[in-house]
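Participant: This is the structure, below, for whatever I ask next.
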Amino acid sequence: MSESRARARNLRRVLGVCLAVATAAGCGADPIPVKMTVPVRKGDLVFSGSYYGEIEPRVSHPILVPELRNTWQVTVESVMADGTQVKKGEVVLTFARGTLGEDLREKETELAVAEASLRKVREQHEDEGIGRTLGIRRDEMAVELAKLAVVEGVNLISKIDLEKAKVDLSRAELQLELDKKERLAFEKKKAAAMEIERLKVNSASDKVKEIRAQLTLMEVRSPADGVLYAPYTRLNWSMGKVVPGKVARPGDKILEIPELDRFNAAVYVRQREASLVHVGDEATVVATMFPDHTFKGKVVSKDEFATTRNERLGGSTPQGNLKEVKVVVELEDTSQPLRPGGTVRADLATVIAKEVLVAPLGAIKEAKGEHSVVLKDGKKVTVKVGRTSTTYAEILEGLGEGDEVRLE
């Protein structure tokens, strides 16, 4: 107990001394300000920054929601688990059929009706055609009989009966010619009627084939052997991963089969700093899943436009309105078992200018379009500034190497 009291007394003494010092500092004279100075040096003006993003495969086989006629949305019915080993052609996802089953039955019924109508019209015209052919045959026989009556009756019948036989022959020939013309007209009519019925059948058949093709597309198959990966992507205008019940639109990337031997790091650079990043710049990348391992890489692409985090991630936060540019870093060492979607930090560095005079931005003030610095002795000097990084500026005029400037 006595040791505890002693420690308490000592603690009170220390607190009392601290309080007295603090009070004296507050009530006494102003403390002497300490101005930190740094030398102006000559060297490379380097931009460096750390940015965050995710791992993405260098080569991947995307699986998209199929294009469906007159269908603008589909609902996922089932999907294989993320990370499943799949074979090419294996069904990895199915969509709900919705009304397609009923539509198919309806169109199949329409096709059956059209085919029945075609058969009926064909049979009707075939019967009529047979009747017209027989009629022409009868006409031909009547002509032959009339000719025979004329030839045989030249010497056997009276002149009046002979003239009558000739009239009968002319009438029979005329009837034969008329029936032949009517049969030609009938054939044209038959061809037109059959063509109309065939068009109806073809139209109904096309609709049935179309719906059957759509039903086939309700089963999505793997485009390659590999491991199934469900990316965080935009589905029906909202960000997320595919799960049963998720609504998607034709063309949405819903799954992918990445090749797991080569990877990139996709990071997002603030818009105002993106102009300082160039293709070919070196980068050091650290994956969250391997914090003690660094990957060397280089910048292989940079988007020409900026997007906000809200646009990318489907959010609506105030900080999500920050505009960023996507930069892709190709990783040299991919011996580690990386996985798409894993988070990374990329440290980028690029030389803006070689062997120039540089001073820290913290020492440079700007007023009315002019830049100035304060030297170690308190003298204010106007300077001309050239290119800048996030921390340093190129000094074109006003300072020399080794000059000490204050950090204001």
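The values are calculated or read from the model by the stated rules, or taken from the named source; none is laboratory data. Since this is a predicted model, take the numbers as computed values, not measurements. Cβ sites come from the backbone with ideal geometry, for glycine too, and all protein chains shown count toward neighbours.
Participant: Hey, among 75, 71, 94, which residue is in a strand (DSSP E or B), among the polar types (S, T, N, Q), in the same structural domain as residue 237 (by TED's automatic domain parsing) and more than 30 Å from residue 333 (Cα to Cα)?
Facilitator: From the options 75, 71, 94, the qualifying one is 75.
Participant: Can you tell me which residue within the stretch 242-275, out of those that are among the basic types (Lys, Arg) and within 14 Å of the chain's Cα centre (by Cα), is farthest from residue 286 (Cα to Cα)?
Facilitator: Step by step, filter the stretch 242-275, then rank; the result is 249.
Participant: Scan (1) surrounded by 13 or more Cβ atoms within 10 Å (Cβ to Cβ); (2) more than 18 Å from residue 264 (Cβ to Cβ) for the single condition residue 339 breaks and write down its number.
Facilitator: Going through the list (1) surrounded by 13 or more Cβ atoms within 10 Å (Cβ to Cβ); (2) more than 18 Å from residue 264 (Cβ to Cβ), residue 339 breaks only (2).
Participant: While we're on this one: Evaluate the stretch 113-133: report whether one residue or more is of a type in the set (Asp, Glu), within 25 Å of residue 204 (Cβ to Cβ), in the same structural domain as residue 202 (by TED's automatic domain parsing) and surrounded by 12 or more Cβ atoms within 10 Å (Cβ to Cβ).
Facilitator: Scanning the stretch 113-133, I find at least one residue that is of a type in the set (Asp, Glu), within 25 Å of residue 204 (Cβ to Cβ), in the same structural domain as residue 202 (by TED's automatic domain parsing) and surrounded by 12 or more Cβ atoms within 10 Å (Cβ to Cβ), so the answer is yes.
Participant: Filter the stretch 285-340 for residues that are among the hydroxyl-bearing types (Ser, Thr, Tyr) and either in contact with a Ser or Thr (Cβ under 6 Å, 6 or more places away or on another chain) or in the same structural domain as residue 84 (by TED's automatic domain parsing) (or both) and give the result.
Facilitator: Hits for the stretch 285-340 are 288, 294.
Participant: For the stretch 133-171, which residues satisfy the criterion of being in contact with an Asp or Glu (Cβ under 8 Å, 6 or more places away or on another chain) and modelled with pLDDT under 85?
Facilitator: Scanning the stretch 133-171 gives 146, 149, 153.
Participant: Kindly check whether there is at least one residue in the stretch 75-94 that is surrounded by 15 or more Cβ atoms within 10 Å (Cβ to Cβ) and either touching a helix residue (DSSP H, G or I) at 6+ places or on another chain (Cβ under 7 Å) or aromatic (Phe, Trp, Tyr) (or both).
Facilitator: Taking every residue of the stretch 75-94 in turn, none turns out to be surrounded by 15 or more Cβ atoms within 10 Å (Cβ to Cβ) and either touching a helix residue (DSSP H, G or I) at 6+ places or on another chain (Cβ under 7 Å) or aromatic (Phe, Trp, Tyr) (or both).
Participant: Continuing with the same structure: Out of the residues in the stretch 338-360 meeting the condition of being of a type in the set (A, V, I, L, M, F, W, C) and modelled with pLDDT under 90, tell me which one is nearest to residue 257 (Cα to Cα).
Facilitator: Only one residue fits best here, namely 338.
Participant: Among the residues of the stretch 76-118, how many are closer than 13 Å to residue 227 by Cα and aliphatic (A, V, I, L, M)?
Facilitator: Count: 4.
Participant: Further question: Give, as residue ranges, the strands (runs of 3 or more DSSP E) completely inside the stretch 368-408 that count at least 1 residues that are more than 53 Å from the chain's Cα centre (by Cα).
Facilitator: Per the criteria, 370-374, 380-388, 404-406.
Participant: Residue 112 - would you say it is more than 30 Å from residue 223 (Cβ to Cβ), under 41 Å from the mean Cα position of the chain (by Cα) and part of a helix (DSSP H, G or I)?
Facilitator: So residue 112 fits the description; yes.
Participant: Same structure again: Taking residue 118 and the conditions (1) more than 23 Å from residue 213 (Cβ to Cβ); (2) in contact with a strand residue (DSSP E or B) (Cβ under 6 Å, 6 or more places away or on another chain), which numbered condition does it fall short on, given that it satisfies the others?
Facilitator: Going through the list (1) more than 23 Å from residue 213 (Cβ to Cβ); (2) in contact with a strand residue (DSSP E or B) (Cβ under 6 Å, 6 or more places away or on another chain), residue 118 breaks only (2).
Participant: So, in the stretch 367-388, exactly how many residues are farther than 14 Å from residue 40 by Cα and among the β-branched types (Val, Ile, Thr)?
Facilitator: Residues that pass the stated criteria total 2.
Participant: Does residue 276 fit the bill of being assigned to a loop (DSSP other than H, G, I, E, B), buried (at least 19 other Cβ atoms within 10 Å of the Cβ) and in contact with a strand residue (DSSP E or B) (Cβ under 7 Å, 6 or more places away or on another chain)?
Facilitator: Considered against the rule, which asks whether it is assigned to a loop (DSSP other than H, G, I, E, B), buried (at least 19 other Cβ atoms within 10 Å of the Cβ) and in contact with a strand residue (DSSP E or B) (Cβ under 7 Å, 6 or more places away or on another chain), residue 276 comes out as yes.
Participant: Touching a Gly at 6+ places or on another chain (Cβ under 7 Å) and either over 23 Å from residue 125 (Cα atoms) or among the hydrophobic types (A, V, I, L, M, F, W, C) (or both): does that describe residue 193?
Facilitator: No.
Participant: Just need a number here: residues in the stretch 361-377 that are within 17 Å of residue 406 (Cβ to Cβ) and either hydroxyl-bearing (Ser, Thr, Tyr) or in contact (Cβ under 8 Å) with a residue 12 or more places away in the chain (or both).
Facilitator: Number satisfying all stated conditions: 11.
Participant: Related question: Can you find, within the stretch 373-391, the residue that is modelled with the highest pLDDT among those that are among the small types (Gly, Ala, Ser) and surrounded by 15 or more Cβ atoms within 10 Å (Cβ to Cβ)?
Facilitator: Looking at residues that are among the small types (Gly, Ala, Ser) and surrounded by 15 or more Cβ atoms within 10 Å (Cβ to Cβ), I get 386.
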